[in-house]
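Remarks on the structure that follows.
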Amino acid sequence: MTDSSKIKFAVVGAGHIGKRHAEMVRRDEESELVAMVDVRSQEECEATHLDVPFFTTMEEMFDSGIEIDVVNVCTPNGLHAEQSLAALEAKKHVVVEKPMGLSKDNCEKVIYKSLQESKHVFCVMQNRYSPPSEWIKSVVEDKILGDIFMVQLNCYWNRDDRYYMKGGWKGTQNLDGGTLFTQFSHFIDIMYWLFGDIDNIQGKFKDFTHANSTDFEDSGMVNFDFVNGGMGCLNYSTAVADQNLESSITIIGSKGSVKIGGQYMNEVEVCNINGYEMPELKAANPANDYGPYKGSAANHNYVIKNVIDTLKGRTTATTNALEGLKVVEIIERIYKVRNEQIDI
């Protein structure tokens, strides 16, 4: 692939996130949007402004002969692995929204296929691009905090009947998969990215307000040990009234402590480290705004740029397929603890 050639993207799924991917592709001068796929019509998706061929299946798109380098999978969670495999079978690189799949097994199949076809799989974990995330990564890696003693991750969001529409995929076990997959996998990714794998998982889970709208819990309190040392906990809920409350991470180390908070883990609230002066960080992007509710940081432009730079040999994937698998596997192990409690 020459440095001057444009990377040709096709987006599968024309919901909020799919259209955002399409728009970020259109804005980058080194990329080109060449097709979109959705089971609904272009008019139903409110995507007529995206002046590209619109298909109802991936098979139709591939059979059309349109030249495609990368397929962006932006459909319901339960379809991610299956559609990533279809794109790899067609010998295309893949960008897959979180989660990479709903099981470790499905993710392994995607990785195996990508190795067979010598194609990249990029997993979308855009919170890694937030200035506080980039800063704390260097602080932890450079041992500025010393040994890590404790990590607390708090994710308290609102998801109510405005979000869980009757007849939709959100809240279903087979297509949504659970609160940790859909709402909070970004923050589990940040935790894994910073501190590595976990074990000795224990937890309590409860469904406070979603008994009629989802197939799973809306809240949990989970504690564990880090394989690399230290202990941690994850407290999460989508039962917060009216609007999101916070997404935060508190880190206690031998040389100091840090808390990154705000609604979307976008503000450094505390930096108390022996002999360390915190640099001034650039402003974080706002959250993705979906009208009645909001999601994680709107950093998809960095995701598309990373794909382009990787395919042109300038850099490597920010979140590779193995890291995407690890996040799914951690969630799967947490939910195993939950399911064992249900079975008792």
**Study point:** Length-normalised contact order for the chain - Cα pairs under 8 Å, 6+ apart - percent
**Key:** 19
**Study point:** Selection from SER254, MET165, GLY230 lying farthest towards where the dipole of the stretch 127-296 points positive, charges on Cβ
**Key:** MET165
Practice item. Enumerate the aspartates and glutamates that LYS204 could reach by cross-link, defined here as Cα to Cα under 12 Å, with residues fewer than 8 away along the same chain left out. Key: GLU217, ASP218, GLU340
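Which of the peptides 156-162, 269-275 is most tightly packed, and how do the rest follow, judged by the mean count of other Cβ atoms within 10 Å per residue?
156-162, 269-275
Which values, in whole Å and largest first, are the semi-axes of the equivalent ellipsoid of the stretch 73-187 obtained as the square root of 5 times each eigenvalue of the Cα gyration tensor?
28, 23, 12
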Point to revise | the stretch 144-205, dipole about Cα centre (Lys/Arg Cβ +1, Asp/Glu Cβ -1), debye to the nearest 20 | key: 380
Check your understanding: Suppose every K and R has +1 on its Cβ and every D and E has -1 on its Cβ; what is the size of the dipole of the chain about the Cα centre, in Debye to the nearest 20?
Key -> 360
Study note, to complete from the structure: Note to self: Kirkwood Rh of the chain, Cα pairs, one decimal, Å, is 20.8
Practice item. Please sort 313-322, 19-28 by packing, taking for each peptide the average over its residues of neighbouring beta carbons within 10 angstrom, highest first. Key: 19-28, 313-322
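Each reported figure results from applying straightforward, stated rules to the coordinates on display, with no laboratory input. This one's a predicted model, so the numbers in the text were calculated from it and none came from an experiment. Cβ coordinates were reconstructed from backbone atoms using ideal geometry, including for glycine residues, and neighbour counts include every protein chain displayed.
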